[in-house]
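Structure record follows, encoded as structure tokens.
The values are calculated or read from the model by the stated rules, or taken from the named source; none is laboratory data. Just so you know, these numbers come straight off a predicted model, no measurement behind them. Here the Cβ positions follow ideal geometry from the backbone for every residue, glycine too, while neighbour counts run over all protein chains shown.
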């Protein structure tokens, strides 16, 4: 999943940043609410996670939540507050949040709620990846095709996840880099080539039908047209970071 983390609290932001990255999410982070709103309006995210602990941050969040709720693509909006009453939490939900947590919270529960919201969203949109027999298993970080599977590195996982958002269609190299290398400002093209070459070897070694193809002067695409459709799609749960 592509996640935007907004946190003005250094320790909390650092913990969530680590936990989300360990769970193989494509993560972007900022410490400013308005900057986060701008980022979310310019790029596509599956979820926006906002941490607001002190009174000023909570008031600012309440003012801007309706803008987050109107973002293109309708990402799931999850809010983490300091100590808050049920009335205060309800106010956040009415303002546009999809879920509201208070400290102390469970990252496991937070992630499962985020995944559930994302599943509901993509199923409502008729996500084409739900009809493919090629899928990612976030729990084991493996690529699965029928009864065959093999493990992926975090970078490989993110690159395949980005490609599977547009199966059998070209994905620009710059888009892949933003998704699979969200923590890097500059990425050497040879790094992308290395990951792609490694994935191709794994696909061939494990006799997968899917192919990772180069689109000249543009990027890459994952070709799954030769794969038989499946009647049901089982969504595997993501792995979680340990606090």
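Go through (1) under 15 Å from residue 164 (Cα atoms); (2) modelled with pLDDT under 85; (3) buried (at least 17 other Cβ atoms within 10 Å of the Cβ) one by one and return the number of the condition residue 127 breaks.
Residue 127 satisfies all of (1) under 15 Å from residue 164 (Cα atoms); (2) modelled with pLDDT under 85; (3) buried (at least 17 other Cβ atoms within 10 Å of the Cβ) except (3).
Counting just the residues of region 6-41 that are in contact with a strand residue (DSSP E or B) (Cβ under 8 Å, 6 or more places away or on another chain) and under 16 Å from residue 112 (Cα atoms), which one comes out surrounded by the fewest Cβ atoms within 10 Å (Cβ to Cβ)?
21
Based on this model, can you work out whether residue 104 counts as assigned by TED's automatic domain parsing to the domain that holds residue 82 and assigned to a loop (DSSP other than H, G, I, E, B)? I'd like the intermediate steps shown before the answer.
Working: assigned by TED's automatic domain parsing to the domain that holds residue 82: yes; assigned to a loop (DSSP other than H, G, I, E, B): yes.
It is true that residue 104 is assigned by TED's automatic domain parsing to the domain that holds residue 82 and assigned to a loop (DSSP other than H, G, I, E, B).
One residue is enough: does region 198-212 have a residue meeting the conditions within 20 Å of residue 21 (Cα to Cα) and in contact with a strand residue (DSSP E or B) (Cβ under 7 Å, 6 or more places away or on another chain)?
no
Going by what's in this entry, would residue 199 be described as surrounded by 15 or more Cβ atoms within 10 Å (Cβ to Cβ) and modelled with pLDDT of 95 or more? If you could, list the steps in order and put the result at the bottom.
Working: surrounded by 15 or more Cβ atoms within 10 Å (Cβ to Cβ): yes; modelled with pLDDT of 95 or more: yes.
Here the answer is yes, as residue 199 does meet what is asked.
Against the conditions (1) at pLDDT 95 or above; (2) more than 17 Å from the chain's Cα centre (by Cα), where does residue 89 fall short? Just the number, please.
Result: residue 89 passes all but (1).
Filter region 131-162 down to residues that are at pLDDT below 85 and under 16 Å from the mean Cα position of the chain (by Cα) and give me whichever is nearest to residue 199 (Cα to Cα).
Start the filter on region 131-162 by keeping residues that are at pLDDT below 85, which leaves 131-133, 138-139.
Now restrict to residues that are under 16 Å from the mean Cα position of the chain (by Cα): 138-139.
On the way: 138: 17, 139: 19 Å.
Checking each candidate, the answer is 138.
Of all residues in region 66-98, count the ones that are in a helix (DSSP H, G or I), under 20 Å from residue 111 (Cα atoms) and touching a helix residue (DSSP H, G or I) at 6+ places or on another chain (Cβ under 7 Å).
Here the count works out to 2.
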